[in-house]
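Shown next, in structure tokens, is the structure this report addresses.
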Amino acid sequence: MPKIKKLRKKFFKWRYKHITNQQFIYSLSILVGFLAGLGTVVIKNLTHFIQVVLQDKMIVDYHHTLYFIFPLIGLFLVFLIQKYVVRKKIGHAIPSTLFSLSKRKGLIERYKMYASLITAPLTVGFGGSVGLQGPSINTGAAIASNIAQFFHTNARNRTLLIGCATAGALASMFKAPITAIIFAIEIFSLDLAFASMIPLLLASVSAVITSYLFLGSELLFRFEIQDKFSINDILFYVVLGIGSAVASVYFSKMYFWITGLFEKIESQVNRMLIGGVIIGILLFFIPPLYGEGFDLINNLLAGNHWKAIGDIPFLHSFEENIWLVIVLLIGITVFKAVAMTVTFSAGGVGGIFIPTLVMGSALGNVYAKVVNNLGWDLSISESNFTLIGMTGLMAGVLHAPLTAIFLIAEITGGYELFVPLMIVSAISFSMTRYYVSNSIYTMELAKKGELLTHDRDKNVLMMMQKGKIIERDFVVIKPGYNLGEMLNKAVTKSKRNLFPVVNDENEFLGILLLDDIRGIMFDQSMYDKVYVEEMMHNAPDVIFYEKDDMEVIMKKFKETGAWNLPVVKNNKYHGFISKSKLLTAYRRQLIEATP
């Protein structure tokens, strides 16, 4: 360790002499992009290895009932690792990163650099119906945060590097660098300034190159558009947009409902057992729910619907019935959200990004099949609607319409479907947001007032820590004090002209100003006749530590015109916040948050 410190000191001296801060951030963004891309490659390969061994060999070679057993084994292994190796809660990937940005100034614990790297492949490889994008972002963000801490960068640059890691992880996963940058801006509410765009570009390109170096030209899914956009299909796209919104609301509501049910189960072991059994049953009857589900997307795009559905028991004699295919795809659409949420609730580690794509592809394909088989004298492209169904679900569930549009545009290698992508994305996003105000990523943070947005003033207020601006050097007085006692015990010992009045339980009762006693404080005949309870009065307002965020506190100062307001914590007097200290802290935070 001393050697590392010496080397770091030497590096800092050299860096300050030869490299500007901007150049240094550019260099770090390339490094972060490379490491985030590498982390994504590792997660993908580990998961693929486990899945090939279990699903493609053991289940195929031995027995279909292994679908019922594997998820429980995977959840048990994750439980053991979390309890005895990591020994800390791993948490949901992107929400935990958003929390670190909003309330911890981008400081992420070291164990998160490897926790998801181990547990996500076990969850998904053993059949958990979640994605790998979230864990990849979580791993990359933790690496970026710790690199930033190692090189002593400030909170603003730390946040930027976490955004770079996010872009790098998505760029490496999908080989879609433009989409990756848009996702980082849309989800993490990064500033659209030149100072932040260049690092994001460098990180995204670095990650894509890393992915090509280790995986070659292999893609999760790639599709060349064969059927061009037709203006005659506009109405069908509008209906798909509405259907995507309905499915997005269902997806979100189902997630929150099932999560709420599992939270009522106190024992983690019981949650794991119940969740493992439910997932096993779902996989036994609907094998495409196993893992991420990219095979389903690729087969639907290729027109192989029976291969997409997989080896479902008891259905081999119905392979010519297209309406049975439609019913099964509807089942996949409905139960993907259930399987994903149960996996999370049972203790699995993963993300919602890819399950959203899977559900959207099934929905779009079902819609096209229904239209094409109703006997009408028309036909729409099943592959195009499969792609655009993914856009609709991403825009609605993730509240990321631009990411949804550009991802499909990039993976199809062009902008042929840009108009229907925009139509479906806009309808799905606007309708879903009316019923579900925040995405699964942001709902809990938004409820607590801890969500970063594109409103810089709100972000600055949210990042401020009220505990650091509370002043405690006020001398408290009791209502039973007479004037003489107050002068001897408080006024002579205080540098303040304001005195909080509390009872024996330290409950806040009111305030007394020096101005309130100035006219009688030198009249000794009044010392035994006048009491604090006769002169005290209510404060202009009270700040409640547990429920008032910085925005509310600022509003209370504005409405009352007060210079000092008392703080009550756990129903006890806790101190005061002064307007001058609040505004000073605000200005300092604004400077720190501005690129």
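The values are calculated or read from the model by the stated rules, or taken from the named source; none is laboratory data. Just so you know, these numbers come straight off a predicted model, no measurement behind them. Please note: Cβ atoms are built from the backbone with ideal geometry, for glycine as well, and neighbour counts cover all protein chains shown. Quick note on the areas: whole protein, heavy atoms, side chains included, nothing else; ligands and nucleic acids left out. Shrake-Rupley method; radii C 1.70, N 1.55, O 1.52, S 1.80 Å.
What FRET efficiency would be calculated for the residue pair A426, V246, taking the C-beta separation as r and a Förster radius of 22 Å, to the nearest 0.05? Write out the running numbers ahead of the final one.
Details: r = 15 Å, r/R0 = 0.70.
Using R0 = 22 Å, I get an efficiency of 0.90.
Quick check on packing: order 43-51, 559-567 by the mean number of other C-beta atoms within 10 Å, highest mean leading. Before the final figure, lay out the partial values.
Values: 43-51: 18.7, 559-567: 16.4.
In descending order of packing, they fall as 43-51, 559-567.
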Q. According to a simple spin-label model (label point 7 Å from Cα along Cα-to-Cβ), what is the distance in nm between L583 and K88?
A. 3.9 nm
Q.
Could you compute how much accessible surface F557 exposes when probed at 1.4 Å, giving the result in Å² to the nearest 10?
A. 0 Å²
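Under the definition of Cα pairs under 8 Å and six or more residues apart, what whole-number percent is the relative contact order of the chain? Don't skip to the end; give the middle numbers.
Working: 1047 pairs, mean separation 90.9, N = 595.
So the answer I get is 15 percent.
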**Q.** Residues of the stretch 146-163 with amide N under 17 Å of the 7 Å Cα→Cβ point at Y26
**A.** 161
**Q.** Label-point separation in nm, M197 to M526, each point 7 Å along Cα→Cβ
**A.** 6.7 nm
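Probe radius 1.4 Å, ligands and nucleic acids ignored: give me the carbon and sulfur share of the accessible area of the chain as a rounded percent.
The computed percentage sits at 60.
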Q. Beyond 21 Å, what share of the Cα-Cα pairs of the stretch 480-595 remains, rounded to the nearest whole percent?
A. 46 percent
Q. At a Förster distance of 45 Å, what's the computed FRET efficiency of I265 paired with L374, Cβ-Cβ distance as r, to 0.05?
A. 0.50
(Q) Among V327, I543, I440, whose Cα projects farthest towards the positive end of the dipole of the chain, with charges put on the beta-carbon of Lys, Arg (+1) and Asp, Glu (-1)? (A) I543
Q: Using the heavy atoms of the protein chains and a 1.4 angstrom probe, tell me the accessible area per residue for the chain in square angstrom.
A: 45 Å²
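Let me check I have the definition right: for the stretch 75-140, take the eigenvalues of the Cα gyration tensor, multiply each by 5, take square roots. What are those semi-axes in whole Å, largest first?
Output for the stretch 75-140: semi-axes of 21, 14, 9 Å.
Using only the alpha carbon atoms of the chain, find the Kirkwood hydrodynamic radius as the inverse mean reciprocal pair distance, in angstroms to one decimal. Please list the in-between numbers first.
Details: mean 1/r = 0.0373 Å⁻¹.
Final number for the Kirkwood radius of the chain is 26.8 Å.
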Q) Tilt of helix 382-397 relative to the longest C-alpha principal axis of the chain, in degrees (0 to 90, nearest 10)? A) 10 degrees
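Efficiency by 1/(1 + (r/R0)^6): what FRET value for I322 and V552, r their Cβ-Cβ distance, R0 = 60 Å, to the nearest 0.05? Let's see the in-between values first.
On the way: r = 57 Å, r/R0 = 0.96.
The calculated FRET efficiency here is 0.55.
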Q) How long are the semi-axes of the ellipsoid equivalent to the stretch 346-426, from square roots of 5 times the Cα gyration tensor eigenvalues, in whole Å, largest first? A) 24, 17, 10
Q.
Considering only C-alpha atoms, what is the centroid distance from the stretch 368-411 to the stretch 479-549, in Å?
A. 68 Å
Q: Would you work out which of T123, A207, T391 lies farthest towards the positive end of the dipole of the chain? Charges go on Cβ: Lys and Arg +1, Asp and Glu -1.
A: A207
(Q) Normalised radius of gyration for the stretch 502-564, please: alpha carbon Rg relative to 2.2 N^0.38 Å, two decimal places. (A) 1.45
